[in-house]
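The values are calculated or read from the model by the stated rules, or taken from the named source; none is laboratory data. Here the structure is a predicted model, which means the values were calculated and not measured. Backbone-built Cβ (ideal geometry, glycine too); neighbour counts: all protein chains shown.
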Amino acid sequence: MSTIEKSNKAARGTAQCENTNINLLKANDFVADIIRKEMTKSNTLLINVTSSAGSGKTTLMQKTAERLKDKLTMAVMVGDLETERDAARIRETGIQALQIVTGGICHLEAQMIHQVLDQFDLPSIDLLFIENVGNLVCPSSFDLGEDYRVTLMATTEGDDKPRKYPKMFLTSEMMLVSKADLLPHLPFSVDNVVKDAREVNHEIEVIRVSSVTEEGIDEWCNWLLAKVEDKQMAEVNA
Amino acid sequence: MHETSIVNSIMRTLELEFEVEKMARLKGIYVKVGILSNIEPRLLHNAYDAFQMTNPGYTDAELHIESTELKIQCELCNHETKVKNYRFICENCGSPSKNVIQGEEMLIHKVEFND
């Protein structure tokens, strides 16, 4: 059943109609496609990292940078409403990081990414992360031209999140159950969260990670290395 | 906040699609938003009202919002299922499916102009 919100103003005059079927996010998706083409040209794997605020995205970026910086060239752009704190933290690990300050906007849009792309020497970058604004709702609707969307789900958030925020989990290829080191102290069931996520998206991959004990970090980094290799092979074959 | 950018996106899209002369006669915008689009019709109306206040040229243009339910079509048995409680499972054969055929849309499906 569809519901139509009716206007309360009286109809007047005649009208001509045009049936359109234009996607509301056409402007965003157009820019996302441009980004995707740029990434293909430069052989850069683009990963969009999303989650609630405080689930450990930046810490994971630091860990990932430490592990991978000798194997490939990695860079991060990080979106926040205010401050340059996250980019500064990531730069401490010795990799390029750029802060995108959204000034109150709750998500990143393709246009914001495209505007800053020329700050990076893309052909020299193998792996580029977009650390999205901490929010499980709005960022799910905006394609940023990424190859993969990775969503962190911290054990401190509760294991019932995937079906509360279904669009995010439906559009993600990977769910990282983060802060796994805290599991002994929390009423959080990894089985429940995986079951919940797979009822929404039966294809979603799952890795348990902890940036503190480094559980799962090898598996995560190997996943990334394999995806970087796939992308570069695809380009060679093309 | 999100709804405000959606309204801006709608208006930007229409301004790109139609000539200035035509946009001056804009009478109605019909959008279709799915349950999964994370767009709340009431908030979208409010955001549009705010937009109209700062853009008096569009005072007469009404926004109509239709929301659509979530439906999947099974890849194995082709059965269409209305998704309840975000369980993406075919009600006919029980296989999981993320083949969403309705409920994700954010469409401007009709635009009306005064003669």
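Remarks
- Residue check for A:E203: closer than 29 Å to B:C90 by Cα, among the acidic types (D, E), touching a strand residue (DSSP E or B) at 6+ places or on another chain (Cβ under 9 Å) and modelled with pLDDT of 95 or more: yes
- Restricting attention to the range B:67-115 and to residues that are more than 30 Å from B:E21 (Cβ to Cβ) and acidic (D, E), the residue that is modelled with the lowest pLDDT turns out to be B:E104.
Yes/no matrix, rows are residues, columns are (1) farther than 19 Å from A:M174 by Cα; (2) away from every other protein chain (no Cβ under 14 Å); (3) among the polar types (S, T, N, Q):
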| residue | (1), (2), (3) |
| --- | --- |
| A:L60 | no, yes, no |
| A:K63 | no, yes, no |
| A:E84 | yes, yes, no |
| A:G94 | yes, yes, no |
| A:V133 | no, no, no |
| A:T155 | no, yes, yes |
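- Checked against the criterion of being under 28 Å from A:R91 (Cβ atoms) and under 13 Å from the mean Cα position of the chain (by Cα), the range A:175-195 has at least one qualifying residue.
- Some residue of the range B:5-28 being touching a His at 6+ places or on another chain (Cβ under 9 Å) and modelled with pLDDT of 95 or more: yes
- Once the range A:201-235 is narrowed to residues that are surrounded by 19 or more Cβ atoms within 10 Å (Cβ to Cβ) and within 14 Å of chain B (Cβ to nearest Cβ), the residue that is nearest to the chain's Cα centre (by Cα) is A:I204.
- Residue, farthest from B:H64 (Cα to Cα), within the range B:97-115, restricted to residues that are within 8 Å of another protein chain (Cβ to nearest Cβ) and without any contact (Cβ under 8 Å) to a residue 40 or more places away in the chain: B:S97
- Strands (runs of 3 or more DSSP E) lying entirely in the range B:1-90 (those with 2 or more residues that are acidic (D, E) and within 9 Å of chain A (Cβ to nearest Cβ)): B:62-68
- Which listed residue is crowded, with 21+ Cβ neighbours inside 10 Å and over 29 Å from B:I6 (Cα atoms), from A:K195, A:K179: A:K179
- Across the range B:70-91, the number of residues qualifying as in contact with a helix residue (DSSP H, G or I) (Cβ under 6 Å, 6 or more places away or on another chain) and surrounded by fewer than 18 Cβ atoms within 10 Å (Cβ to Cβ) comes to 1.
- Per this entry, B:G94 is counted among residues that are part of a loop (DSSP other than H, G, I, E, B) and either surrounded by fewer than 17 Cβ atoms within 10 Å (Cβ to Cβ) or within 11 Å of chain A (Cβ to nearest Cβ) (or both).
- Tally of residues being touching a Phe, Trp or Tyr at 6+ places or on another chain (Cβ under 8 Å) and farther than 21 Å from B:Q102 by Cα across the range B:33-88: 4
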